[in-house]
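The values are calculated or read from the model by the stated rules, or taken from the named source; none is laboratory data. Predicted, not measured: the structure shown is a model, and the values here were computed from it. Quick reminder, even Gly has a Cβ in these numbers, built from the backbone with ideal geometry, and neighbours come from all protein chains shown.
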Amino acid sequence: MSPGGPGTPGTGSGLDAAISLQRPGFGLDVELAAAPGEVLAVLGPNGAGKSTLLGVLAGLLRPDAGHVRVGDTVITDTAAGVHVPAHRRGVGLLAQQALLFPHLTAVGNVAFGPRAAGVPRREAERRARELLAEVDVAALADRRPAQMSGGQQQRVALARALAPGPGLLLLDEPLAALDVDATPAMRSLLRRMIRDAKQTAVLVTHSALDALVLADRVVVLTGGRVVEHGPTREVLTRPRSPFTARIAGLDLVPGTACAEGLRTDDGTVVSGRSDSATAPGDRAVAVFPPSAVAVYAEPPHGSPRNLLPVRLAAIEPRGDVVRLRAGAVDGGPDWVEGLAADVTPAAVADLGAEPGSALWFVVKATEVGIHAAGS
């Protein structure tokens with residue numbers, strides 16, 4: 001995607017958007033903003049509306065109502081009848097696939113956006129070679145995409161997206177198609193390029209690591225609505241929705257805040273530490289890491305504060321630990337489905353557990369945080 005003007009390389013404009021779009025069986029109703037130079041990550045399960053949101057921001061979809069403003073420029077305003085076409089928005093796009101022009105060299109691909117905006121050929125190619133050097137593929141300037149690896153193509157695609165100096169950069173799971181060897185280097189490169197350029201960006205990803213490394217703030221979508229938002233580390237360490245807890249690798253139990261911690265809808269009390277923003281009676285979630293869960297084959301002695309009978313649903317090797325995934329016992333609450341405990345291989349052997357086995361998960365109250373629930 002090329003913008004309608006050359007822009008100023010190395011600068012980003014703020015984003016302000018309020019979007020409503022209805023389709024059969026799905027609706028998107030979202031407000032979001034990003035300050036100049038800020039990276040906003042958009043997370044959510046499949047079907048949450050992430051791709052639809054990017055389509056509206058890019059100008060590929062028209063919302064039924066709302067506006068999109070990049071810096072001081074209104075690029076969508078349904079009330080005023082404004083819809084700037086995609087190629088004139090000053091918005092760059094880096095997608096999962098590099099989507100380079102196969103007949104152009106690397107330098108030709110990167111120079112394409114500035115040339116389309118009217119920049120003289122020599123100036124556009126000079127800018128292209130500078131960017132290729134910045135993404136560490138200067139030696140590939142005269143190669144065509146078929147002569148590059150996937151990681152090299154994605155580096156060229158990043159340079160191409162930045163070449164016109166877009167006010168807004170859209171990153172649509174830019175690391176998803178890379179192999180495990182190329183991903184860490186590309187992630188580091190993205191962080192350096194975006195930070196150095198003070199580039200405003202919207203990042204769609206399924207990876208908590210990508211969000212932590214690249215984004216200043218996070219928005220979580222579910223069913224076309226924002227259910228969580230805030231600074232990246234805060235959202236991922238104190239999740240308020242099941243999806244966010246899952247990608248952050250944490251256990252989450254929904255319910256209502258009470259004096260002891262949290263009461264589930266079936267009346268079970270989960271003891272824990274409530275944050276200052278959560279009052280008794282508020283909808284809330286109890287959050288704890290799988291590493292804090294002790295597992296027993298028989299009910300433990302004493303009176304542990306949080307004792308959860310489960311049925312073992314799955315055994316998942318994860319490096320040095322084994323994750324035991326819980327299922328509900330017959331007649332028991334369904335909220336235990338998916339809860340996880342991380343234990344050593346020796347502990348699994350001692351338990352003699354296999355899928356279908358009855359187990360008890362025990363969590364100390366000091367390991368459980370109680371937070372206000374997402375909407």
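Numbers below:
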quantity: Among the residues listed as R192, R246, R217, R187, the single one being within 30 Å of D334 (Cα to Cα) and among the basic types (K, R); calculated: R246
quantity: Residues satisfying the stated conditions in the stretch 12-31, i.e. part of a strand (DSSP E or B) and under 21 Å from R191 (Cβ atoms); calculated: L15
quantity: Filter result for the condition that a residue is more than 20 Å from V287 (Cα to Cα) and touching a Pro at 6+ places or on another chain (Cβ under 6 Å), over P174, P164; calculated: P164
quantity: All strands (runs of 3 or more DSSP E) inside the stretch 52-152 with 3 or more residues being in contact (Cβ under 8 Å) with a residue 40 or more places away in the chain and not charged (D, E, K, R); calculated: 65-70, 91-94
quantity: Any hit, the stretch 106-116, residues being modelled with pLDDT under 95, among the polar types (S, T, N, Q) and buried (at least 21 other Cβ atoms within 10 Å of the Cβ); calculated: no
quantity: Subset of the stretch 316-330 that is in contact with a Lys or Arg (Cβ under 9 Å, 6 or more places away or on another chain) and acidic (D, E) - its residue that is nearest to V253 (Cα to Cα); calculated: D330
quantity: Residues (aliphatic (A, V, I, L, M) and either free of Cβ contacts under 8 Å to residues at least 40 places away in the same chain or closer than 18 Å to D251 by Cα (or both)) located in the stretch 279-310; calculated: A279, A284, V285, A286, V287, A292, V293, A294, V295, L307, L308, V310
quantity: Matching residues, the stretch 272-287, being surrounded by 17 or more Cβ atoms within 10 Å (Cβ to Cβ) and of a type in the set (A, V, I, L, M); calculated: A284, V285, A286, V287
quantity: Condition met for R318 (out of contact with any Gly (no Cβ under 9 Å at 6 or more places or on another chain), of a type in the set (D, E, K, R) and under 15 Å from P289 (Cα atoms)); calculated: yes
quantity: Close pairs (6 angstrom Cβ cut-off, 6 or more residues apart or separate chains): in the same structural domain as V329 (by TED's automatic domain parsing) in the stretch 340-356, among the hydroxyl-bearing types (S, T, Y) and surrounded by 12 or more Cβ atoms within 10 Å (Cβ to Cβ) anywhere; calculated: D342/S291
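For (1) surrounded by fewer than 14 Cβ atoms within 10 Å (Cβ to Cβ); (2) of a type in the set (S, T, Y); (3) touching a Phe, Trp or Tyr at 6+ places or on another chain (Cβ under 9 Å); (4) more than 21 Å from D265 (Cβ to Cβ), each residue gets a yes or a no:
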{"site": "R305", "(1), (2), (3), (4)": "no, no, no, no"}
{"site": "R323", "(1), (2), (3), (4)": "no, no, no, yes"}
{"site": "A326", "(1), (2), (3), (4)": "no, no, yes, no"}
{"site": "G331", "(1), (2), (3), (4)": "yes, no, no, no"}
{"site": "G338", "(1), (2), (3), (4)": "no, no, no, no"}
{"site": "P345", "(1), (2), (3), (4)": "yes, no, no, yes"}
{"site": "E367", "(1), (2), (3), (4)": "no, no, yes, yes"}
